[in-house]
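Trainee: Right, I'll just put the structure down here and ask away after.
The values are calculated or read from the model by the stated rules, or taken from the named source; none is laboratory data. The shown structure was predicted, so the numbers you read here are calculated from the model rather than taken from an experiment. Cβ placement follows ideal geometry from the backbone for every residue including glycine, while neighbour counts extend to all protein chains displayed. With ligands, DNA and RNA removed, areas are computed over all heavy atoms of the protein, side chains included. Shrake-Rupley method; radii C 1.70, N 1.55, O 1.52, S 1.80 Å.
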Amino acid sequence: MSDSLHFVALLPVFAKRLAFLVRHAGCVFVFLASCWAMNAAERNVLYLNSYNLGYKWTDEVTEGVFERFSAEKDIGVYSEFLDAKRFPAIGVGEDALGLLRSKYEGKVFDVILCSDNAAVDFVLKYRDEEIFKEVPVVFCGITNTEDYLGVDRLWGVREDHNFEEYIETIYRLKPDVEELHLVLNPTPTGQLYRKIFESIEEKWVGRLSFRYHMGHRVDEVPEYYSGLGKNGLLYYIVVTNDRDGNPVSSFEFLGALKEHCSVPIFGDLMGENSVGLVGGPANEGLLQGTMAAGLAIDLIRGRTLARKIENRRVTWYFDYAEMKKAGMDPAAIPVGSVLLNEPSGIWEKHRREIIVVGVVLVLLVVAVLLLVSMLILKRNHEEELVKEKEKAEQSDRLKSAFLQNISHEIRTPLNAMIGFSNLLRHDTTLDEAAQESVDHIMNGGYILRDTISNILEFSRIESEGIGVEPSDVLLIEVLRKLRSEDVVDTWGEERLQIIDETPAGTVLRVDAVMLVKALAHLVHNGLKFSKDRPVTLRCRLETEEVVFTVEDQGIGITDTNVKQMFLPFRKGNLGATEFYPGAGLGLTITVSYVERMRGEVTIAPRQGKGTKASLKIPVR
C-alpha cells in the first residue's frame, strides 16, 4: 500500500478516535511523520488485520499498533485489512496472496504482525512464500493459542476468555437465574466458543440450563428473543454473520436485542455501545494492539522474549442503572471492575465508604474504651504482677541451689559407700557369702547413684536448659572415655564389645561430654536388659554422619513401647515378668543431648530378639 493510500485508509480510525488523538497530539504528529517516511525506514513491519476498518475491534487494535510504533522512527509499518468477516473466501485465499505478492515485490519485512485468527492462519498457510518465509510472526486477538504453541518463530498476546469464570460471576450476581441464553457467531470461533460452553454445561446440571442461539438475522430478533422466560438471562457474544455467511452489524443486532429482549443482557461489548447491557468482560483492543506491537519491536531490537504467549486479563464493566433494574447489587461486582453510570448522590455513590468509615469510628470508640479499661486493670494489677515475678525468680534460684546442694550431699556418701565396698571386694579374707553381699552393696550403690544422677540431670535440663560446647575431638577418645564411665563398671566392662569401623583419626565437632553421656545411657540399657550376654557398640561413617549402633541380646521391645520410651519416666520393659532397675529417664536425657548436637536417635523394635538402638551425629 502506498504511503498516501495508507493514510487515507486510516481516516476512519482518526474519525472514531478524535478525542484520543487530541489528547495525544504529539503521538499523532510522530505517527503521521512515520506514515510518510516509511520508504526511508531501515526496518519494516507488515501489519495484517483479519477484519475491516469501521469494525470497533479492528479500529481499537489498529490504533494501539500505530500508537506504539509512533515512537520508533526507524521502523516502517505497512497495513493490510483482509476483511475476512464480510468476504471470507477472498480475504484469506489466493487472491489476497496475489495482491500482496505484487504490492510488496522485493520488500523485506522484519516482522509480520497479525490481528485475530484469519490473518495468522493466512500467514501460516502461505509461510513458504517469499514475503513470509523465515519472518517472525507476532499476533494478538486470539483465544485458542494452544493450537499455535508448536509453531516456530511465532509470538503473541492471548485474547483471554475464561467463560467458566464469566458464568460464575453472572450467577453470583443473579443466583435466581434458571436459563442462560448464549448468542454466538456461526463462525469457527463461535463454534469453538460453543464447545467450551458445552464442556462447562455439565457442571451446572440441575442449577442452570444452557440455550444456544446462532446465525440469526437482525429482522429475526423479535421472533426468537422476545419470549424468553422471566428467570432467563442472555449473554451476547459479538455477532458478525448470519447462518448463510452474510455480514451482520453487531451493533444493529445488539440494538435489536435491547429493544425486544425482556431479560437482563450481558455481553462482550461495553463502552460507547453498552447502554442497555447489565455488564460484561471486555478485551481492550487498544491494549492488545499496543502489547503486540511491543513484542514486534522487542524482536526487531534483538531482545529476548520471556514467553511465547503473553496473557491479557479482561476487565469487567457494569452499568449501575441496569444492575438495579435487574435486581442485582452493584456492590457485589468483582474486585477491579468498572462501574458505569453510577449516581452522584453522596450516600449512593459512597455508601460502602461511609459504612466502612462509620464502622471504623465505632470500633475506634470501642477500642479507646477497652484501652482505658485495660490501663486501669493494669495499674491495679501491676504490683501483684511484680510480686509474682519476684516469687517466681526466687523459686528458680532456690530450685537451682537445691539441685546443686542435693547433688553434692547425695553423691558424697554414695561415692564413699561404693568406694569402701570396692575395697572390701578385693579383701581376700572374706568368704564367698560375704563377697556376694559386698557385690550386692556395690551394684545397689551404682544403681542408686545412676538413678539420682539421672533425676538431677533431667531436672537441670527442664529448669535451666543445657548449652552445647562443641570442640574437635577424636572418635577414639570418645570411645575411651565411654569405657571409663561408671555405667560400664556397674554392669560389667567385659560384656561390652566396641567395633570401630571408621577411618583412623576420625574427628568429630561435638560436645564430647554430652556425646559420651548419651552413648553411656544406650550402653547402660543394653547391658541392663541383656543380663550376662554381650552388648555390641558399632561405629561407622556414613557420608557426613557418624552412626553409633548399640545392639543387645536382651528381652527386646514392642512397637507400642517404642513410641513411649522417649517420654520421661517411661520404661521399655513394661509387662516383663522380671524387675529391671531404673527411673525411665535415660532415653529422654539421651534424646535431649543428641538433638542439641543436631543428631537423631532411633530404636528398632525386636521383641524377644534384643534391641538395636542407633545414634547419628553430624561430623561437623
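Trainee: Quick check: with the 1.4 Å probe, what order do E600, E457 take by accessible area, largest first?
Mentor: Working: E600 95, E457 25 Å².
From most accessible down to least: E600, E457.
Trainee: Counting Lys +1, Arg +1, Asp -1, Glu -1, what net charge surrounds D319 among other residues with beta carbon under 12 Å of its beta carbon?
Mentor: Details: positive: K258, K324, K325; negative: E322, E342.
Result for the local shell: +1.
Trainee: Then there's this: Ordering D128, D121 by how much accessible area each has at a 1.4 Å probe, largest first, what is the list? Don't skip to the end; give the middle numbers.
Mentor: Working: D128 135, D121 75 Å².
The ranking, largest first, comes out as D128, D121.
Trainee: Right, something else. Sorted from largest to smallest, which semi-axis lengths in Å does the alpha carbon gyration tensor of the stretch 124-214 give for its equivalent ellipsoid, taking the root of 5 times each eigenvalue?
Mentor: On the way: eigenvalues 263, 36, 20 Å².
Each semi-axis is the square root of five times an eigenvalue, giving 36, 13, 10 Å.
Trainee: With viscosity set to 0.692 mPa s at 37 °C, what whole-number translational diffusion coefficient in µm²/s follows for the stretch 41-129 from Stokes-Einstein and a Kirkwood radius over Cα pairs?
Mentor: The estimated diffusion coefficient comes to 243 µm²/s.
Trainee: Another question about this same structure. Between Q394 and E202, 0.36 nm times their residue separation minus their Cα-Cα distance comes to what?
Mentor: Values: separation 192, 0.36 × 192 = 69.12 nm, distance 7.20 nm.
Gain on extension, Q394 to E202, equals 61.9 nm.
Trainee: Tell me which residues come under 5 Å, amide H to amide H, from V510 once H is placed; ignore anything under 5 positions away on its chain.
Mentor: Close amide H contacts, sequence-distant or interchain: S471, V473.
Trainee: Still on this structure, please answer the following. Which of the chymotrypsin sites (Phe, Trp or Tyr not before Pro) found in the stretch 83-152 are loop residues per DSSP with 13 or fewer other Cβ atoms within 10 Å of their Cβ?
Mentor: none
Trainee: So, one more: Once fully extended, how much extra length lies between R301 and R533, figured as 0.36 nm per residue of separation less the alpha-carbon to alpha-carbon distance?
Mentor: 75.3 nm
Trainee: Another question, then. Could you calculate the FRET efficiency of E436 with D472 from 1/(1 + (r/R0)^6), where r is the beta carbon distance between them and R0 is 45 Å, rounded to 0.05?
Mentor: Numbers: r = 46 Å, r/R0 = 1.02.
Taking R0 as 45 Å, the efficiency between E436 and D472 is 0.45.
Trainee: Report the accessible area of K616, computed with a 1.4 Å probe over the heavy atoms of all protein chains in place, in Å² rounded to the nearest 10.
Mentor: 70 Å²
Trainee: Suppose each label sits 7 Å from its Cα in the direction of the beta carbon; what would the I406-D147 distance come out to in nanometres?
Mentor: Reported label-point gap for I406 and D147 is 8.4 nm.
Trainee: Of all the accessible heavy-atom surface of the stretch 41-193, with the other protein chains kept in place and a 1.4 Å probe, what percent is carbon and sulfur?
Mentor: Of all accessible area on the stretch 41-193, carbon and sulfur atoms account for 48 percent.
Trainee: Follow-up question, since we're still on this one. Given a 1.4 Å probe, how much area per residue of the stretch 348-388 is accessible, in Å²? Could you put the intermediate results ahead of the total?
Mentor: Details: 3840 Å² over 41 residues.
Per-residue value: 94 Å².
Trainee: Follow-up question, since we're still on this one. Going from most exposed to least, what order do Y235, Y171 have by accessible area with a 1.4 Å probe?
Mentor: Values: Y235 5, Y171 50 Å².
My answer, sorted largest first, is Y171, Y235.
Trainee: Take the Cβ-Cβ distance between R172 and V366 as r, set R0 to 25 Å, and report the resulting FRET efficiency rounded to the nearest 0.05.
Mentor: It comes out at approximately 0.15.
Trainee: Translational diffusion coefficient, Stokes-Einstein: compute it for the stretch 288-349 using the Kirkwood radius over C-alpha pairs as Rh, at 10 °C and 1.306 mPa s, and state it as an integer in µm² s⁻¹.
Mentor: 106 µm²/s
Trainee: Mind running the shape call on the stretch 234-345? Use the C-alpha gyration tensor, a ≥ b ≥ c as the square roots of the eigenvalues: rounded below 1.5 for a/c, prolate if a/b tops b/c, oblate otherwise.
Mentor: oblate
Trainee: If you don't mind, there's one more thing I want to ask. Which order do the peptides 294-304, 181-191 take when ranked by the mean count of other beta-carbon atoms within 10 Å per residue, highest first?
Mentor: Ranking, from highest mean packing down: 181-191, 294-304.
Trainee: Let me ask something else about it. Of K174/K203; K195/K258; K56/K174; K531/K616; K85/K125; K85/K203, which sit over 22 Å apart, Cα to Cα?
Mentor: Check vs 22 Å cut-off fails for K195/K258; K56/K174; K531/K616; K85/K203.
Trainee: For the stretch 353-484, taking Cα atoms only, what is the radius of gyration to one decimal and the Dmax to the nearest whole Å?
Mentor: Answer for the stretch 353-484, Rg first and Dmax second: 30.2, 103 Å.
Trainee: Which distance in nm do the two modelled labels at R540 and K325 give, with both placed 7 Å along the Cα-to-Cβ direction?
Mentor: In this crude label model, R540 to K325 measures out at 8.3 nm.
Trainee: Residue separation times 0.36 nm, minus the C-alpha to C-alpha distance between S262 and I309: what's the value?
Mentor: Taking S262 through I309 to full extension adds about 12.9 nm, to one decimal.
Trainee: Here's another thing I want to ask about it. Averaged per residue, what accessible area in Å² does the stretch 178-231 show with a 1.4 Å probe, protein chains only? Walk me through the intermediate numbers first.
Mentor: Details: 2930 Å² over 54 residues.
Each residue of the stretch 178-231 exposes 54 Å² on average to a 1.4 Å probe.
Trainee: On to the next question. Please check which bits of the stretch 171-186 a label hung off R243 would reach, taking the label as a point 7 Å along Cα-to-C-beta and the cut-off as backbone N under 15 Å.
Mentor: 184-186
Trainee: Which value, in Å², gives the accessible area per residue of the stretch 49-136 when a 1.4 Å probe is used on the protein heavy atoms?
Mentor: Per residue, the stretch 49-136 has an accessible area of 41 Å².
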